[in-house]
1. Are any residues in the stretch 1-29 of a type in the set (V, I, T) and crowded, with 16+ Cβ neighbours inside 10 Å, and if so, which ones?
2. Looking for something among the aliphatic types (A, V, I, L, M) and at pLDDT 90 or above - is there at least one such residue anywhere in the stretch 3-19?
3. Check G6, G36, G50 and return the single one that is at positive phi, out of contact with any strand residue (DSSP E or B) (no Cβ under 8 Å at 6 or more places or on another chain) and not basic (K, R).
4. Within the stretch 37-46, can one find any residue that is farther than 22 Å from V12 by Cα, within 15 Å of the chain's Cα centre (by Cα) and part of a strand (DSSP E or B)?
Amino acid sequence: MAYTEGNLLGLVNAPPGRKIYSYDTTDTLTTVETAGYFNNKDDNLNLQIGDFIFVRLWSATPFAAGSLISKVSAYVVTNVISNEAAVAAGNVNIAECLVATSGVLSSLA
């Protein structure tokens, strides 16, 4: 699948490079980690190097009845392709920096 508009929520309002986002999806984390999943140009985003994105992987439509969060992973934006002439213009690269599974989530509740 691809990035879903409206599922990326800015949690902390700060200058670019210092923002924290939450993103809800049913896509696998491998898919989310793909270069270009988040794209500043195609998706009309303003992600910058240093921004954090907490991705919550849902078993079905996020927040729907019976849908559960199966994984939470934190990513940091490591690169943004700013060269407009490049084939990958706007692509945002992210790197995983924290993973939690449902067992950890339930123990934190």
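The values are calculated or read from the model by the stated rules, or taken from the named source; none is laboratory data. Just so we're clear, the structure is a prediction, and the values are computed from it rather than from any experiment. Don't worry about glycine lacking a Cβ; one is built from the backbone with ideal geometry, like all the others, and counts go over all protein chains shown.
1. If we filter the stretch 1-29 for residues that are of a type in the set (V, I, T), which is where we start, we get 4, 12, 20, 25-26, 28.
T25, T26 - these are the residues of the stretch 1-29 that are of a type in the set (V, I, T) and crowded, with 16+ Cβ neighbours inside 10 Å.
2. no
3. Details: G36 fails: out of contact with any strand residue (DSSP E or B) (no Cβ under 8 Å at 6 or more places or on another chain); G50 fails: out of contact with any strand residue (DSSP E or B) (no Cβ under 8 Å at 6 or more places or on another chain).
Being at positive phi, out of contact with any strand residue (DSSP E or B) (no Cβ under 8 Å at 6 or more places or on another chain) and not basic (K, R) holds for just one of G6, G36, G50, which is G6.
4. no
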